[in-house]
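First up is the structure itself, then whatever we jot down about it.
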Amino acid sequence: MQRRPIRWMLLSLFFTPWLAAAGADDSATTKPNIILVMADDQGWGDMAYNGHPIVQTPNFDDAAATGLRFDRFYAAAPVCSPTRASVLTGRHPNRSGVFQWGFPLRPQEITIAEALKTAGYTTGHFGKWHLGSVRSGSPANPTAHGFDEWFSAPNFYDNDAIMSHRGKAVKTVGESSAIAVDAAMQWIDDVRKKPEPFLAVVWFGSPHVPHQAAPEDSALYKDQNKRMREFLGEVTGMDRAFGKLRDGLGERGLRENTILWYCSDNGALPRVGSTGGHRGLKGKVYDGGLLVPAILEWPTKIPRPRTTSVRCNTTDIYPTLLDVAGVKMENQPIVDGISLLPLIEEKVTERAKPMGFWNYAIKGIITPSAVWMGELYAAQQAGNDLPPDPASANAATLPTEPVVHAQGHSAWIDGDWKLHRIENDGKAKFELYDLASDPKEENDLYTKQAKSPRATEMQQALEAWLTSVDASYLGKDY
């Protein structure tokens, strides 16, 4: 079955003829364009270049063999919405109360879109949002967080999805990942006429369950059972969309001075995903739930292929891009990430700051994208509109009570050492692993080293960090 190109009613607002490279031009003397691409539930091992024996990811493989490949790149959280908040803010998501999937991002937060706009960037979001309602009246929609243009879904979305174009529900036809890339490229064709650079955030809805690959993609895996066939087909669908994006940049003369940064939002799915042998899956603070594939292409600064084993984090994206753009924000709340520009420029070979993780023990908020977008489309076709869901409508309201301190599973990575703190019913237990010799986190050294300077210092640092996150949650950073 041949999939038709994406179409929507407001196509005329996006479409402009292809032009010779102008504005946001491809030279080392201008600020780079920036494109952030993110998968939804792709594990570290769900890439051919990371050793998956079946999946076909030729475009990702080519990018990994061309740019900077991160072999130890961590999602800030083991589930989707929190990690997405970390990308936009550079902060651990619990600081802004994005504890689990479906929690909205507070409008008080400073986002990468808002920060880069101070440097003249035009900004757009395309694909999965999952940080609040994408209805027009929402204080947590992409407009409220600094995006000039958006074509977004409230959560993961499948083929032929209904999307929100700045609050207006629009029916599309096409494979889900291609929907986001097509919208982004049509927007880029428009904004590249301007002298200012652009930021495009392209967040796929794949390979989140339920898996619904395009027929031509699932056909590549006809020897697998249906579950694996559809899952692997979705990964290949993402790969094809990513390739279309990369090729499109080249065709437009934008490739050399565009940062194209790809990663996933959390570790591997159960039953179908691959952690590459690491312990744990999505939802777990062990490395299998946190390590994700990540690639950065920027030919102006990365002219030859490289790999790095430095441990990096999605919280690093915000400070890195502000560093690149020369932006310093006034009243900047605490940032957990660090700029990776020195790493990109080959000036450092080690991480200068530990990383904290905290999967707070609370349920997520159900955000049924297809249902909500169908309701919005029906209401708007009848001449009406719908308000945002209650959680999003109240996104700006600050809590008055602290969380139950450190409840759930937290961890602290300092160099190659990882300390876990697991609290249930007010009792905490600790685990300690040397990731250099034990990347699968199988040999717990805490009992042997509980009174050692290393374990003591890491435990104190983790406790101090958790207290800092508590304070941020209460709004003390604003």
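The values are calculated or read from the model by the stated rules, or taken from the named source; none is laboratory data. Because the structure is a prediction, the values reported are computed rather than measured. Counting neighbours? That spans all protein chains shown, and the Cβs are built from the backbone with ideal geometry, glycine included. Side chains are part of the model used for accessible areas, which takes the heavy atoms of the whole protein and leaves out ligands, DNA and RNA. Shrake-Rupley method; radii C 1.70, N 1.55, O 1.52, S 1.80 Å.
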For segment 279-314, which residues satisfy the criterion of being assigned to a strand (DSSP E or B) and among the aliphatic types (A, V, I, L, M)? L291, V292, A294, I295, L296
Which condition number in (1) surrounded by 20 or more Cβ atoms within 10 Å (Cβ to Cβ); (2) touching a helix residue (DSSP H, G or I) at 6+ places or on another chain (Cβ under 9 Å) is the one that N257 fails? (2)
Among L398, L386, L376, L340, which is among the aliphatic types (A, V, I, L, M) and in contact with a Cys (Cβ under 9 Å, 6 or more places away or on another chain)? L340
I'd like to verify a number: residues in segment 255-276 that are out of contact with any Pro (no Cβ under 7 Å at 6 or more places or on another chain), assigned to a loop (DSSP other than H, G, I, E, B) and under 25 Å from V324 (Cβ atoms), how many? 1
Filter segment 166-185 down to the residues that are surrounded by fewer than 19 Cβ atoms within 10 Å (Cβ to Cβ) and either outside any loop (DSSP other than H, G, I, E, B) or of a type in the set (D, E) (or both) and list them by number. K168, K171
Which condition does Y157 not pass, out of (1) aromatic (F, W, Y); (2) more than 15 Å from the chain's Cα centre (by Cα); (3) over 24 Å from P78 (Cβ atoms), if it passes all the others? (3)
Among the residues in segment 451-458, are any within 30 Å of S164 (Cα to Cα) and either open to solvent by 70 Å² or more (accessible area, probe 1.4 Å) or touching a residue at least 60 places away in the same chain (Cβ under 8 Å) (or both)? no
All-but-one check, A200 against (1) among the aliphatic types (A, V, I, L, M); (2) under 27 Å from P154 (Cα atoms); (3) part of a helix (DSSP H, G or I), failing number (3)
Is it true that some residue in segment 118-138 is in a helix (DSSP H, G or I), more than 25 Å from L435 (Cβ to Cβ) and at pLDDT 95 or above? no
For segment 286-304, which residues satisfy the criterion of being surrounded by fewer than 24 Cβ atoms within 10 Å (Cβ to Cβ) and of a type in the set (V, I, T)? T300, I302
Is it the case, given these coordinates, that D71 is part of a helix (DSSP H, G or I), open to solvent by 10 Å² or more (accessible area, probe 1.4 Å) and at pLDDT 95 or above? no
Conditions (1) open to solvent by 10 Å² or more (accessible area, probe 1.4 Å); (2) within 30 Å of R229 (Cβ to Cβ); (3) out of contact with any His (no Cβ under 9 Å at 6 or more places or on another chain): number failed by Q108: (2)
Hits in segment 396-413 (condition: touching a residue at least 60 places away in the same chain (Cβ under 8 Å) and under 23 Å from the mean Cα position of the chain (by Cα)): A396, H409, S410, A411, I413
Based on this model, can you work out whether G475 counts as over 23 Å from the mean Cα position of the chain (by Cα) and surrounded by fewer than 16 Cβ atoms within 10 Å (Cβ to Cβ)? no
Of the residues in segment 196-230, those that are acidic (D, E) and farther than 30 Å from L116 by Cβ come to E216, D217, D223, E230
Please report, ordered by residue number, the strands (runs of 3 or more DSSP E) entirely within segment 377-478 with at least 1 residues that are β-branched (V, I, T). 408-414, 417-424
